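*Asks:* Pasting in a structure now, in structure tokens, and then I'll have a few things to ask.
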Amino acid sequence: MKKGLLLFITILTCTLLQAQSFTSYFTGDPFDVTPTPDFGICLMGGATENDNAMIWFLEKANGGDILVLRASGSDGYNDYFFSELGVTVNSVETIVINNASGATDPYVLEQIENAEAIWFAGGNQYNYVSYFKDTSVAQLLTDHVVVKGGVLGGTSAGMAILGDHYFSAENGTVTSAQALQNPYHNRMTIGSQDFIDLPFLENTITDTHFDSPDRRGRSAAFLARIATDFQVRSFGIASEEFTAVCIEENGEARVFGSYPNENDFAYFMQANCTEDFVPENCTAGNSLEWNRDGEAIKVYKVPGTENGAYTFNLSDWETGSGGDWENWSAVNGVLQTVSGSNPNCSSLGLEDEIAITVAAYPNPFTEYIQVDAVMATNYELYSITGQRVVSGTSNGQKRIETNALTSGMYFLELKTNNSVQVFKFIKK
């Protein structure tokens, strides 16, 4: 009788676990606290986490609540975040999402909204995409950074989903050889501008595990696809397995790793800023041809150090410290890399005149936006819903007062006689 009852309880427990849409593992104080977090985005390459990068991540929470989201696994982050890194936080909760209904469960939504720091674990990024895309979760994740000013990050699959464009892995992973030989291979599934919308990652795709295996070729193909499909200069950020890229609120990306003891690098890739930046041949069934005199892609390769001393500026995509420039190109589906120089974006001409003659800062802003213009410039500031909230003209220096605006994302449109450019700004 006892054996029968035990078997019944075991079967019932297993059935209930299978039926659960999510599983929660909680460590720390169950009562929510509400400190003001600091902005940050952390992109981890996919192997064992870099402790110093994770300390940077936790400190941004300012003693608040940490939420780990994952689609497989269990509570491996809880003790690591709560007690092993020496940073005081109120709690760490891991929520393992088992299906799409779990992603939109009211409890899960509430915990996302209450968290000061959110971390995506590794796994299969298509689970995250299929569970979260086109749901309120995607907007909450964007609002966590843009409106709340919190910190968001992820490793491996969790990093892969954070760009404006992303490799969804819907049909499985894709190798560099497959991507270069056919940039429209059925595994080259790229989602674009329909998931999480984070500052400094516009027209940017991320890639992970960059050194194991060599994924430079597929990242080049990702950038080629974005440039071809959307006719925009494409950008990419990639981390080797033990390397993390941590983005500050001014756009400075700090690179953490164990260099020089280990060859830990991050790569900041961009289609060269020339008028003819699109690939010569990026078509289905054909090898990628993206040469542009051997300078199709400009890459700043930065070693990751224990203190994150070496950086790259995502506000201008031109300035950095401690790294080296490389030129990448694809000839008949074969990636070529050589030493290079930084892009000369000032040579683009009238189309980019405003980028040279107008400066707008700070970003994020609180009380004002400063516009410095060499020529007469009309400005209009729009809310994320498209409502114009401020407008005027600057010819010299103009301070746009923003005290009356609520926190969130705004778009600043600057017009001269020759050009129009739109910048994304965040009010904290």
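The values are calculated or read from the model by the stated rules, or taken from the named source; none is laboratory data. Please read all numbers here as calculations on a predicted model, not as lab measurements. With ideal geometry, Cβ positions are generated from the backbone for all residues, glycine too; neighbour counts draw on all protein chains shown.
*Asks:* Do we find a residue being touching a strand residue (DSSP E or B) at 6+ places or on another chain (Cβ under 7 Å), touching a residue at least 40 places away in the same chain (Cβ under 8 Å) and within 30 Å of Asn332 (Cα to Cα) anywhere in segment 142-155? Before you say what the answer is, go through the steps one by one.
*Replies:* First, the residues of segment 142-155 that are touching a strand residue (DSSP E or B) at 6+ places or on another chain (Cβ under 7 Å): 144-147, 150-155.
Checking which are touching a residue at least 40 places away in the same chain (Cβ under 8 Å) leaves us with 145-147, 150-155.
Applying the additional criterion that residues be within 30 Å of Asn332 (Cα to Cα) yields none.
No.
*Asks:* Still on this structure: Every residue in segment 111-139 that is touching a Leu at 6+ places or on another chain (Cβ under 8 Å), surrounded by fewer than 20 Cβ atoms within 10 Å (Cβ to Cβ) and modelled with pLDDT under 95, please.
*Replies:* Ser136
*Asks:* Okay, next question. For segment 264-272, state whether one or more residues are closer than 18 Å to Met54 by Cβ, out of contact with any Cys (no Cβ under 7 Å at 6 or more places or on another chain) and at pLDDT 95 or above. Let's see the steps before the verdict.
*Replies:* Our first condition is that a residue be closer than 18 Å to Met54 by Cβ; within segment 264-272, this holds for 264, 266.
So of that shortlist, the ones also out of contact with any Cys (no Cβ under 7 Å at 6 or more places or on another chain) come out as 264, 266.
Okay, now just the ones that are also at pLDDT 95 or above, so 264, 266.
The answer is yes, given that some residue of segment 264-272 is closer than 18 Å to Met54 by Cβ, out of contact with any Cys (no Cβ under 7 Å at 6 or more places or on another chain) and at pLDDT 95 or above.
Listed here are the residues, each with its yes/no results for (1) in the same structural domain as Ala157 (by TED's automatic domain parsing); (2) modelled with pLDDT under 95; (3) surrounded by fewer than 23 Cβ atoms within 10 Å (Cβ to Cβ); (4) of a type in the set (Phe, Trp, Tyr).
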residue	(1), (2), (3), (4)
Phe22	yes, no, yes, yes
Asn50	yes, no, no, no
Gly63	yes, no, yes, no
Val68	yes, no, no, no
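*Asks:* Tell me, please, whether a residue that is in the same structural domain as Ser156 (by TED's automatic domain parsing), surrounded by 18 or more Cβ atoms within 10 Å (Cβ to Cβ), at pLDDT 95 or above and β-branched (Val, Ile, Thr) can be found in segment 254-263. Even if it seems obvious, please write down each step before you answer.
*Replies:* Restricting attention to segment 254-263, the residues satisfying the condition of being in the same structural domain as Ser156 (by TED's automatic domain parsing) are 254-263.
Adding the requirement that they be surrounded by 18 or more Cβ atoms within 10 Å (Cβ to Cβ) leaves 254-257, 259.
Narrowing further to those that are at pLDDT 95 or above: 254-257, 259.
Now restrict to residues that are β-branched (Val, Ile, Thr): 255.
Yes, segment 254-263 contains a residue that is in the same structural domain as Ser156 (by TED's automatic domain parsing), surrounded by 18 or more Cβ atoms within 10 Å (Cβ to Cβ), at pLDDT 95 or above and β-branched (Val, Ile, Thr).
*Asks:* State all residues of segment 72-115 that are within 16 Å of Gly153 (Cα to Cα), among the charged types (D, E, K, R) and in contact with a Ser or Thr (Cβ under 8 Å, 6 or more places away or on another chain); if no residue qualifies, say none.
*Replies:* Glu93, the sole residue that qualifies.
*Asks:* Test of understanding: among Leu141, Leu198, Leu162, Leu152, which residue is farther than 22 Å from Glu240 by Cα, under 12 Å from the mean Cα position of the chain (by Cα) and not charged (D, E, K, R)? Please lay out each step first, then the result.
*Replies:* Numbers: Leu198 fails: farther than 22 Å from Glu240 by Cα; Leu162 fails: farther than 22 Å from Glu240 by Cα; Leu152 fails: farther than 22 Å from Glu240 by Cα.
Of the residues listed, the single one that is farther than 22 Å from Glu240 by Cα, under 12 Å from the mean Cα position of the chain (by Cα) and not charged (D, E, K, R) is Leu141.
Let's see how each residue does on (1) free of Cβ contacts under 8 Å to residues at least 40 places away in the same chain; (2) under 18 Å from Phe210 (Cβ atoms); (3) in a loop (DSSP other than H, G, I, E, B):
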site: Asp293; (1), (2), (3): yes, no, yes
site: Lys301; (1), (2), (3): yes, yes, no
site: Trp325; (1), (2), (3): yes, yes, no
site: Thr337; (1), (2), (3): no, yes, no
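*Asks:* Condition first: modelled with pLDDT under 80 and among the hydrophobic types (A, V, I, L, M, F, W, C). Now tell me which residues in segment 343-378 satisfy that. So that I can check it myself, show each step before the final result.
*Replies:* Here is the first cut: in segment 343-378, the ones modelled with pLDDT under 80 are 344-359, 373-376.
Matches in segment 343-378: Cys345, Leu348, Leu350, Ile354, Ala355, Ile356, Val358, Ala359, Ala373, Val374, Met375, Ala376.
*Asks:* Hey, any hits in segment 282-296 for a residue that's modelled with pLDDT of 95 or more, within 23 Å of Pro260 (Cβ to Cβ) and surrounded by 14 or more Cβ atoms within 10 Å (Cβ to Cβ)?
*Replies:* No, segment 282-296 contains no residue that is modelled with pLDDT of 95 or more, within 23 Å of Pro260 (Cβ to Cβ) and surrounded by 14 or more Cβ atoms within 10 Å (Cβ to Cβ).
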